[in-house]
Amino acid sequence: MSLQGAAFLCIWNDHDPAQVQEYEAWHTFEHVPERVCVPGFIAGRRYADYNRAESRYFTLYDIDSLSVLETPPYLDLQANPTPWSQRMRLAFRNFQRIPCLTLASRGQGCAGAIGTLVLTAERGAESAVAGLQELLDGLLRDHAVTTYHLGIAPVIPAYAVFGTPAAGDDRTDTYVVMVEGLLPTDTDAALRRVAAALPNLFAHAQVLKNESSGFLFTVQDSELAGSPLRREIARDCHDPA
């Protein structure tokens with residue numbers, strides 16, 4: 001389904017394979033719901049490709065605005081992790097985080113696979129972005145995808161939790177294209193069409209990531225309102241006393 005907020009947060013990462021069962025439990029039952037409990041977070045989704053050597057996991061958060069990522073409740077989660085989160089952080093690898101302003105999000109449902117394409121291009125390429133959106137609209141009309149999302153990240157901020165530096169400059173923007181489909185083969189095919197069109201749309205586009213992942217789990221803020229987990233997280237995050 002289309003994203004509801006004015007922004008979204010994309011995260012790619014790997015984790016110690018020896019802890020895979022614990023990681024899956026922690027990420028599903030604590031980490032993602034904990035984030036979605038923060039005011040301004042609308043939903044979180046988990047994806048994975050277990051055959052991929054790097055960027056095995058992909059997480060997508062639908063958020064009200066980018067300013068949500070600077071609020072005290074969210075910053076508190078980073079600065080004061082639970083004991084379980086603190087232990088799991090030690091085994092993260094290949095972490096990448098891109099917050100985006102949502103330019104377009106159309107379609108329906110939550111399909112079985114998502115394809116992500118990350119590119120950099122010259123700043124001020126409004127006509128190229130319009131052409132890219134037309135292409136994505138065409139994929140939707142052709143039933144090649146069930147949903148697509150397009151976002152822009154003029155700057156990628158540093159993330160202190162894992163010591164990742166800020167990225168970007170005043171000459172380029174980073175774009176994230178996401179397409180949803182029934183199977184990874186469907187999203188792979190759609191991304192091939194997008195990648196093939198980029199040289200005709202942008203003067204200087206560089207693809208940084210082009211991959212598909214299978215759907216694992218999703219949770220929305222409304223689902224957490226009455227749950228014991230929501231109450232526990234709300235107490236930890238919002239009641240410093």
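At 1.4 Å probe size, what's the solvent-accessible area of residue 34? Round to the nearest 10 Å².
Result for residue 34: roughly 10 Å² accessible.
Which is farthest toward the positive dipole end of segment 113-225 among 133, 144, 119, measuring Cα position about the Cα centre, with Cβ charges +1 (Lys, Arg) and -1 (Asp, Glu)?
About the Cα centre, the residue reaching furthest to the positive side is 119.
At 0.36 nm per residue, minus the direct Cα-Cα distance, what do residue 21 and residue 134 gain on full extension? Give it in nm, one decimal, please.
So the extension gain works out to 36.5 nm.
Give the carbon-plus-sulfur fraction of the accessible surface of segment 1-101 in %, rounded to a whole number; probe 1.4 Å, heavy atoms of protein chains only.
On segment 1-101, the fraction of accessible area on carbon and sulfur atoms equals 55 percent.
For the pair residue 91 and residue 108, how long in nm is the line joining their label points, each one 7 Å along Cα→Cβ?
4.2 nm
Starting from the Cα-Cα distance between residue 82 and residue 101, subtract it from 0.36 nm times their residue separation and give me the gain in nm to one decimal.
3.9 nm
Could you give the dipole magnitude of the chain about its Cα centre, charging the beta-carbon of Lys and Arg +1 and that of Asp and Glu -1, in debye to the nearest 20?
Value, rounded to 20: 220 debye.
Determine the relative contact order of the chain: mean sequence separation of Cα pairs under 8 Å and six or more apart, normalised by residue count, in whole percent.
It rounds to 28 percent for the chain.
Quick one: putting +1 on the C-beta of Lys and Arg, -1 on the C-beta of Asp and Glu, what dipole do you get for segment 110-221 around its Cα centre, in Debye to the nearest 20?
Charge dipole, segment 110-221, about its Cα centre: 180 debye, nearest 20.
Plugging the Kirkwood radius over Cα pairs into Stokes-Einstein for segment 109-177, at a temperature of 10 °C and a viscosity of 1.306 mPa s, what D comes out in µm²/s?
115 µm²/s
Suppose all protein chains stay in the model; what accessible area per residue would a 1.4 Å probe give for the chain, in Å²?
On a per-residue basis, 46 Å².
The values are calculated or read from the model by the stated rules, or taken from the named source; none is laboratory data. The structure presented is a predicted model; accordingly, all values stated were derived computationally and were not measured. Cβ: placed from backbone, ideal geometry, glycine included. Neighbour counts: every protein chain shown. SASA here: full protein model, heavy atoms, side chains in, ligands and nucleic acids out. Shrake-Rupley method; radii C 1.70, N 1.55, O 1.52, S 1.80 Å.
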